[in-house]
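K.L.:
To start, I am sharing the structure in question, which I have written as structure tokens.
Throughout, read-outs are computed from the coordinates displayed, never taken from laboratory work. Please read all numbers here as calculations on a predicted model, not as lab measurements. Cβ sites come from the backbone with ideal geometry, for glycine too, and all protein chains shown count toward neighbours.
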Amino acid sequence: MKCYREYGSIGAPMELNVSANQNINGTLVLPLYEGCDSVPESCEAGMPNSLKSQINRVLSDGDFKAKKKSTMTLLGGEDGKVILAGLGKSDDCTSHDFRKAGAAVTAGMKKSHGSELTVLFDNAGVANMGAFAEGMMLRDYSYDNYKQKKDDDEEKTEVSVRITCSEAEAEELTKLVAQYKGICKGVHLSRDLGNCPPNDMYPEVFADMAWEWAKDFDNVDVTIINYDQAIKAGMGGLVAVGMGSARKPCMVIFEMNKHVKGRCPLLVGKGITFDTGGISLKPGANMDEMKYDMGGSATVFGTMEALAQTGHKGKVVAITCMAENMPSSNAQRPGDVITTLSGKTIEVLNTDAEGRLVLSDGLWKAGEFDPEYIIDFATLTGACVVALGHEATGLWSNDDDFRTRIHEAGNEVGELAWPMPLLPAFEKEMTDSKIADTRNLGAGRWGGANTAAAFLKQFVPNRGYEKDGEQITWAHMDIAGTYWGSKTNTMVKNGATGIHVRTIHHLITKS
Ligand code: BES
Ligand code: ZN
Ligand code: ZN
């Protein structure tokens, strides 16, 4: 079996170090604001004269305007090569622009730039320098594990980057960069899982990977609930979706720092390793993209990796609901009524609305851990992509303040999650089945992302599973438009984006 450790990209983000030594080794990277017409004074120390005058000529001629995300390479100089990186106008430049500039540098890296880079900033401050480094590392990813021969142009040399700063900043920046390195490993793991082809990424493989991964950390436990155990436990949603496939479903539970007392965050992920639609078969066009339908589970696993790598000390639990949605003689049918872990029944009117079925069991199971809050991640609906395109994740919650916290955490790290409504009318629509407690399909096709969220709410337990108790704080994030296919996400070239590992790491550790 292939696993991410053999694949290579995980665990090996570009080598990036911080030092207060201003010597330029290898290619110089110079981030600049718009309107800058000569090398900033603070960057002049240690810069050979010929290099400085080469850059000054380009800047004074107005040949590099330093627009946001732009880069220009100067080759052929006597004293080395330069990459100029645009930050846009200084008065509206944020750490997001520094992150994007860093990513643009990595995106533009060619063999001709060599294997060593030195970045010189003009009094940018620790947060901005850190963001630049983060952008460089996040963008340093491509999924070519299945390519025998790499495209010559694209063939990458291992690059080592040195970020230079003042003595006074070195300690703080070193810590920040180490933190971003750990988070970046989580993002890259999420991408690796998502990009892996569905013949090699199926429920059992995901579970094995989680199991193997946990061996590296003495504060993480992984429990796998296999198919037989899921049947016995009464996980009717997970079982119904997965039973039509030869690759049987399972639930994977991650527990970090489980001995820490008190309530903790709990993450739930939709993990459909391939979604054919089942008997309600999807059309053929672009069906290959349904390998990304385990993006929710990848987000959850990636977030656990980010937390583990950054030494998080708090308790966190994650539950992923893994299944392959296949049409077969063993598959569930439209018209079936299933009984979920909660005891609630679902009339399955469309087998392609399967994410909500597996999540019904994952959400209900979450109640056992008496969490502070539950957040689920799912590539749940095409309707969410219609509503928000590839620009923002849909965000629903039963608690307005909690929804705002997640929205703000997303804004902080540059991953947009947009507030969407949980309306009683949608709940009514999803609970008016003639023969069951709920139905997995709305009455019409309108508001499909909202009806899906309203359906999920039916399976969020009350505290202590008390009949008339208070429902646990919960948020639902529909990443159907943001987990892959975003052209404007400059942190990634193509394929899985690894979105929201950073948002949730920030939410859990900083807010
Ligand atoms: N995995 C899909 C949602 C999806 C579709 C994500 C396209 C990204 C791009 C999900 O399981 C699904 O098929 N949902 C249906 C629900 C419908 C049958 C109520 C959909 O969105 O069409
Ligand atoms: Zn589906
Ligand atoms: Zn799906």
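K.L.:
Quick query: amide H of A496 versus all other amide H atoms, modeled in the peptide plane; which residues come in under 5 Å with a sequence gap of 5 or more or a different chain?
P.N.:
Sorted by chain and number, the residues that satisfy this are N195.
K.L.:
Of the peptides 232-243, 430-441, how do they stack up when ordered by the mean number of other Cβ atoms within 10 Å, highest first?
P.N.:
Highest-to-lowest ranking by the protection proxy: 232-243, 430-441.
K.L.:
Taking amide H positions as placed in the peptide plane 1.01 Å from N, state which residues far from D376 in sequence (5 or more) or on other chains have amide H under 5 Å from it.
P.N.:
The list, which skips near neighbours in sequence, is V268, A475, H476, M477.
K.L.:
How big is the gap, in Å, between the Cα center of segment 20-49 and the Cα center of segment 155-201?
P.N.:
First find each Cα centre; the distance between them is then 24 Å.
K.L.:
Roughly speaking, what is the centre-to-centre gap between segment 86-107 and segment 320-378 when only Cα atoms are used, to the nearest Å?
P.N.:
Computed from Cα coordinates, the inter-centre distance equals 42 Å.
K.L.:
Go ahead and estimate [θ] at 222 nm for the chain from helices alone: -39,500 (n - 2.57) per DSSP H run with n ≥ 4, summed, over the residue count, rounded to 500.
P.N.:
-10500 deg cm²/dmol
K.L.:
Sorted by packing (mean other beta-carbon atoms within 10 Å per residue), highest first, where do 409-419, 167-177 land?
P.N.:
For the peptides 409-419, 167-177, the packing ranking is 409-419, 167-177.
K.L.:
Using the scaling law 2.2 N^0.38 Å as the reference, what is the normalised Cα Rg of segment 192-235?
P.N.:
Cα-based Rg divided by the globular estimate yields 1.35.
K.L.:
Another question, then. Using only the Cα atoms of the chain, construct the convex hull and provide its projected area averaged over every direction, in square nanometres to one decimal.
P.N.:
24.5 nm²
K.L.:
Could you rank the peptides 213-223, 120-130, 473-483 by their average count of other C-beta atoms within 10 Å per residue, with the highest value first?
P.N.:
Ranking the peptides 213-223, 120-130, 473-483 by packing returns 473-483, 120-130, 213-223.
K.L.:
Could I ask something else about it? Based on the alpha carbons, how large is the Rg to Rh ratio for segment 195-288 when Rh follows Kirkwood?
P.N.:
1.02
K.L.:
Another question, if that's okay. Would you kindly derive the ³J(HN,Hα) couplings of segment 96-105 from the backbone phi angles with the Karplus curve 6.51 cos²θ - 1.76 cosθ + 1.60 (θ = phi - 60°), listing them in order in whole Hz, with x for Gly and Pro?
P.N.:
Values, residue by residue: 5, 5, 5, 4, 5, 5, x, 5, 5, 5 Hz.
K.L.:
Taking Cα centroids, how far is segment 242-287 from segment 447-510 in Å?
P.N.:
About 13 Å separates the Cα centre of segment 242-287 from the one of segment 447-510.
K.L.:
For the chain, what's the relative contact order in percent, using C-alpha pairs closer than 8 Å and at least 6 residues apart?
P.N.:
It rounds to 15 percent for the chain.
K.L.:
Given 0.36 nm per residue, what is the gain on full extension from T404 to H96 after removing their alpha carbon distance, in nm?
P.N.:
108.9 nm
K.L.:
Could you tell me which of L507, S328, P48 has its Cα farthest along the dipole of the chain towards the positive end, charges placed at Cβ (Lys, Arg +1; Asp, Glu -1), taken about the Cα centre?
P.N.:
S328
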